Structures are given as C-alpha cells and as structure tokens.
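The values are calculated or read from the model by the stated rules, or taken from the named source; none is laboratory data. The model shown is predicted, which means the values in this text are computed figures rather than measured ones. A quick note on method: Cβ atoms are made from the backbone with ideal geometry, for glycine too, and the neighbour counts reach across all protein chains shown. Calculation scope for accessible area: heavy atoms of the full protein, side chains included, ligands and nucleic acids excluded. Shrake-Rupley method; radii C 1.70, N 1.55, O 1.52, S 1.80 Å.
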Number of protein chains: 2
Amino acid sequence: MSLPPPVILDRASPVPLYFQVAEQFEQAIVDGKLHPGDRLENEIELARQLGLSRPTVRQAIQLLVDKGMLVRKRGVGTQVVHGQVRRPLELTSLFDDLSGTGQGPRSRILRLTRIPADAKLSHALRTAPGHELWALERLRLIGDDPLAILRNWLRTDIVDLSAFDLENEGLYGSMRRANVSMSLARQRIGSRRATADEAELLNEEPGAPLLTMERTAYDNEGRVVEFGHHVYRPDLYEFEMTLLQK
Amino acid sequence: MSLPPPVILDRASPVPLYFQVAEQFEQAIVDGKLHPGDRLENEIELARQLGLSRPTVRQAIQLLVDKGMLVRKRGVGTQVVHGQVRRPLELTSLFDDLSGTGQGPRSRILRLTRIPADAKLSHALRTAPGHELWALERLRLIGDDPLAILRNWLRTDIVDLSAFDLENEGLYGSMRRANVSMSLARQRIGSRRATADEAELLNEEPGAPLLTMERTAYDNEGRVVEFGHHVYRPDLYEFEMTLLQK
DNA sequence: AACGTCTTAATGTCCTGACAAACTATTGAC
DNA sequence: GTCAATAGTTTGTCAGGACATTAAGACGTT
C-alpha cells in the first residue's frame, strides 16, 4: 500500500502543471516525506491519481531526474535517489545572496568607480580599449572575519550601479533590474599567492595561498556582460559541487 | 531561404530518433555548418522535413538546449547560441583519460597497496573501520613536469586493481570493467599549502600554494564507490567550467 | 518619428494513444 | 534445486492533435 502522491494541483495557476508536480515531489523529498530508496507509483497510476496525462507526469519526473533527485529504470520504476544531490552550483550563486539572515556572509564595498578599460579588461569584456567600465571591489566577510575580495567589471552602458542598490539587492539584483539577463558563464578556479594588499585585507600573511575564481558572464545574445575576479581565504572557503553522470 | 536540416535519420538504428537528430544538429554546430546566431526552422516545419512528430523534434532540441548549444524563445524561434559552451566538466573527466596522444598528461603509479581503513577513510567510504581498501597514489605529469598528485581509495571488494590495468585503461576503465557504475560525485575544490613530501614530488617549495580537489563518487544505489584527494600545481592547472542559467 | 493596435509566427503546455525494450516474477520441465 | 520460457510490470519512444502564451512585425494614427 503506497502513499498518495504528495501533490495538490492548481489548474488556475500560471505555473505549469508539470512544474507544480515536480516542485511538490521535490518538497516531499526535502521534507523527508519521501525517503532515499522509496519508489514512486508507476507513471500510468500517478497520472490517473493526479488527473494528468502521462507525458505531463513524465515531464515533471524528468525535471527531478535532471536534478539528480530521482532515478528511473525501465521495467523497474522510479525511485528516490540515494545520497541526495546538494544544490548544484548555479549561475546566481556566483553573486552575493543578501539573504540577511543570521550571521551569513555580507559584503562591504571597497570601491565603485568608473574607469576606462585597459587592454586586459577590454579583451575580457570585448570592448574597445578606453571604453568606460564600472570597477567594483568588495570585501566579503563572515562575522568580522574577511573571507574574500570580489572584483567585478561591467560596462557602464549596460547597467547603472550605485552603492545603495548594491547594498540592498546585490550585483545580480542590479543587473536583473537593468534587464541584463545572463544565460551562461565561464569560470576558472585556481590558486595563487596573496599579494601584499590582498594579504592585508584578508588578514593573511603575504604569499599565503588564495583560492581564485575568474568568471566571464554572457547574455542571451552572446555578449559579455560581466567579468569578475574573486580571491578567497582557503581556510574559510571551498567550492562544492555535484557532478551527475550524463 | 534556409538550409535543409543537416539530418539523415536511420529508423533501423537502435539509437532513438530524437537522439540522432540532436547528435547531427550538434555536429553541424561543431563543424560550423550552423553558426552562432543562426535560427533553425520552426518546429512544425522541421518535423515535416524530417518526417517526424513535433514532440520528437522538440525532444531533440531540448537536449541541445540543456547542453547550452541552442536557445528557444516563444514567438521568436530556436537559435544557435552565441558563445558556445565548452565541454562541461563531467564525471569521467575527473579520472585520467589515457588518450596517449602527443604530449598529453600521463600518470606514474607511486603506490598501489591494500590497507585497512582508518577512521577518516572509513567515514569517507562508509565502511567499517579496518575494512580493506585499495590505496592508489599516482603522480601526474605533463612531459617531464609534475602536475598533480592523485590519491584514490576504493573498497577491495568492489573492484580489483592492478598496475597493469591502471596503466592501460585508467582508474575509470578499471571500474567500468568491474561493472561499477557511478551516477554522481560530490567534489570540493580548495587550496592549501604543500606539505614537504608533496613539494618534493611536485618540484615546488614547501608551503607553496596547491589547488586541491576532494571527491566522493556514488553508484546508482547511493553507495560510496570511490574517495579521492588530488593536489595540483596551480601554475599548471585550473578547473574550468561553464555554468548555465536554469 | 513615436505610439498603439492587430495580425502573424513560433514555442509552451497538455492531451490521447500505441508499441518497444528492459527488468522482475512466476511457472514448468528436468 | 536449477534453468529456460513466459507473463507481467514499468519506463522509453514515437505519433498526432489542440489550445495558450509570448514575441515580433505591419500598419494606421498622431
């Protein structure tokens, strides 16, 4: 005897039905109502219970399969994955999430100025040399401990920045408000020694190892909208990610 | 006037039709027959030209959208993405690819022994303390330059390892031959100072920064099948990845 | 030239239906 | 008890269809 599917559908909602189903199954997994190893009802039975078509149910399940939360096997069924995937590294997580709860990370703006692009920046941002850019530099802290130095450069003709907006909505929020959409970003994670300035800002010794992350973000038209270079104290930070077999 | 779709379907093939379509579109993008910014025929017309149903064509397109090669927009159409995604970091790329071509990286086995699991390893591999493990340590080189020290631990009851097999097919190949399938892996990328031993092996100064990567791989049943800890010379290596907007 | 409206184009969502393939369980023969 | 064959279960693939929503272009008016 299996549980009814933990789903209540709202056909009046603008949220697609397949998405509602996926979200509620995901919530059931996260909440512990569905446990690793649990098997779902077969697709035809699920569709019948939910009053949906089988393709719609399959589409919902596929979303969770893509997220690594469910696994399907022909002739066997659909099962909640053992060892749940933690939230994968996503585009927006590259920007500071000013959730403001508890003792989470926060950022202090060190500098926000307009500069002409030098050769390196004009190459990274695909602009003409001398093109005007925002140069944003922030110190990221956990409590009173410095965690990272975040440097970002953006074209001034794409987005307007102010210290006030950055404090309230973060860089990503400012870009979204300027209707700058990002569809993909390339990043490289590496390591090097801290410079004297970085060491001082991060309370490290000069020459101490730093974890580095350099990123170029593109919009839907393939234009570079942002270039960033971050350095982190490796004793306080590491990049965690989940890889799925394709 | 648009080009015919670059697709030849083989209905006798065991490869699903949607997959054939996706593969051949992808090939056309990679080969330059389709350029960034190019728009595909609309779905209905594509389906007609290919003699397929629209859902089948949509499934093929969705594969390439998920790979970040195509982008769709309601009311507008489907377009080849500007700024193609490079091959994303995948599970198997974590293991050495002994492609043996040119001056690619190669590995020298430093040690392959059976050891009883200590507390840390039994925790990482979810075994009882004392459980027998393979301890594999390799030095990875580019030409004559040491690049990385790769350490991996696996349960001896899951896979058999030999220096011969590792030289010929790599760790991943050995696991595949033992029917060990991995569906996901968690990894953390960080940085720390080199120990004296590591520094000597990597031709670095003691205390030099190293880029580190720790990984736990799981099979389809959620069991830990491998635990690895790699350290890289950051002047010779960085992790590069592409993130897609979800 | 700018703006609003309408039409057209294309994708997004959802449905019904059928058959194939892989996996598991059952049954019968030896 | 073992093995092969068969049946049952479930997902995978594919087809055809309809309506909704979003986006862009054309056209008329100011």
For residue B:184, residues with placed amide H under 5 Å, excluding near neighbours = A:245, B:218
query = When the C-alpha atoms of region B:91-232 are aligned to their principal axes, what extent does each axis show, in angstrom, from largest down?
reply = 40, 35, 25
message = Test of understanding: in a Gaussian network model of chain B with alpha carbons linked when under 10 Å, which of B:21, B:225, B:159 would top the mean-square fluctuation ranking?
response = B:21
remark   = Once phi for every residue in region A:31-46 is put through the Karplus expression 6.51 cos²θ - 1.76 cosθ + 1.60 (θ = phi - 60°), the whole-Hz ³J(HN,Hα) values, with Gly and Pro written as x, are 6, x, 5, 10, 9, x, x, 4, 9, 7, 4, 5, 4, 5, 5, 4
key: Between helix B:163-177 and chain B: long-axis angle, C-alpha atoms, 0 to 90°, nearest 10   = 50 degrees
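List the accessible area buried at the contact between A and B, summed over both sides and calculated with a 1.4 Å probe, in Å² to the nearest 100.
Rounded to the nearest hundred, the buried surface is 3800 Å².
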request  = Could you name the residue in chain B with the C-beta closest to the rotation axis that superposes chain B on chain A, along with the separation in whole Å?
outcome  = B:209, 2
ask   = For chain B, what is the accessible area per residue in Å² when the probe is 1.4 Å?
value = 52 Å²
query = Once Lys and Arg get +1 and Asp and Glu get -1 on their Cβ, which of A:206, A:109, A:227 lies farthest toward the positive end of the dipole of region A:91-232?
reply = A:227
message = Placing unit charges on C-beta atoms (Lys and Arg positive, Asp and Glu negative, everything else neutral), compute the dipole magnitude of chain A about its Cα centre in debye, rounded to 20.
response = 1000 debye
query = Given the options B:18, B:218, B:172, which has the most mean-square fluctuation in a GNM of chain B, springs set between C-alpha atoms less than 10 angstrom apart?
reply = B:18
request  = Quick one: dipole size for region B:17-80, taken about the Cα centre, charges +1 on Lys/Arg Cβ and -1 on Asp/Glu Cβ, in debye to the nearest 20.
outcome  = 280 debye
ask   = Using θ = phi - 60° and the Karplus form 6.51 cos²θ - 1.76 cosθ + 1.60, what ³J(HN,Hα) does each residue of region B:186-202 get, whole Hz, x for Gly and Pro?
value = 10, 9, 10, 10, x, 8, 7, 7, 6, 6, 4, 5, 5, 4, 5, 4, 9
ask   = Taking only Cα atoms, what is the 0 to 90° angle, nearest 10, from helix A:54-66's long axis to the longest principal axis of chain A?
value = 40 degrees
ask   = What residues qualify as long-range amide H neighbours of residue A:226, i.e. H under 5 Å apart, gap of 5 or more or another chain, H built at 1.01 Å from N?
value = A:217
ask   = What's the FRET efficiency of residue B:132 with residue B:240 using the Cβ-Cβ distance as r and R₀ = 35 Å, to the nearest 0.05?
value = 0.45
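Suppose R0 equals 45 Å. What FRET efficiency, 1/(1 + (r/R0)^6) with r the Cβ-Cβ distance, do residue A:53 and residue B:109 give to the nearest 0.05?
Rounded to the nearest 0.05, the efficiency is 0.25.
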ask   = For the pair residue A:196 and residue A:139, how long in nm is the line joining their label points, each one 7 Å along Cα→Cβ?
value = 1.8 nm
query = Which number do you get for Rg(Cα) / (2.2 N^0.38 Å) in chain B?
reply = 1.27
key: Relative contact order of region A:91-232, defined on C-alpha pairs under 8 angstrom at six or more residues apart (%)   = 22 percent
request  = Select from A:22, A:36, A:53 the residue farthest towards the positive end of the dipole of region A:10-54; place +1 on Cβ of Lys and Arg, -1 on Cβ of Asp and Glu, and compute about the Cα centre.
outcome  = A:53
ask   = Rounded to the nearest 500, what is chain A's calculated 222 nm mean residue ellipticity when only DSSP H runs of at least 4 contribute -39500 (n - 2.57) each, over all residues?
value = -8000 deg cm²/dmol
inquiry  = Over chain B, with a Gaussian network built from C-alpha contacts below 10 Å, which listed residue (B:77, B:143, B:207) shows the highest mean-square fluctuation?
reply    = B:77
request  = On the protein heavy atoms, probe 1.4 angstrom, tell me the percent of accessible surface of region B:91-232 carried by carbon and sulfur.
outcome  = 47 percent
key: Dipole in debye (nearest 20) - the protein assembly as shown, about Cα centre, beta carbon charges: Lys, Arg +1; Asp, Glu -1   = 1420 debye
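Please work out the Kirkwood hydrodynamic radius for region A:17-80, using every pair of different C-alpha atoms, and report it in angstroms with one decimal place. If you can, show how the numbers build up before the last one.
Details: mean 1/r = 0.0864 Å⁻¹.
The answer is 11.6 Å.
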key: Nonlocal amide H pairs with residue B:155, under 5 Å, H built at 1.01 Å   = B:134
Among beta bridges that DSSP assigns inside region A:91-232, antiparallel share in %, nearest 5 = 100 percent
key: Cα centroid separation - region B:172-197 against region A:1-74, whole Å   = 32 Å
request  = Report ³J(HN,Hα) in whole Hz for each residue of region B:138-147, in order, from the Karplus equation J = 6.51 cos²θ - 1.76 cosθ + 1.60 where θ = phi - 60°; Gly and Pro get x.
outcome  = 10, 9, 9, 10, 10, x, 9, 8, x, 10
ask   = Can you give the Rg to Rh ratio for the protein assembly as shown, taking only C-alpha atoms and Rh from Kirkwood?
value = 0.97
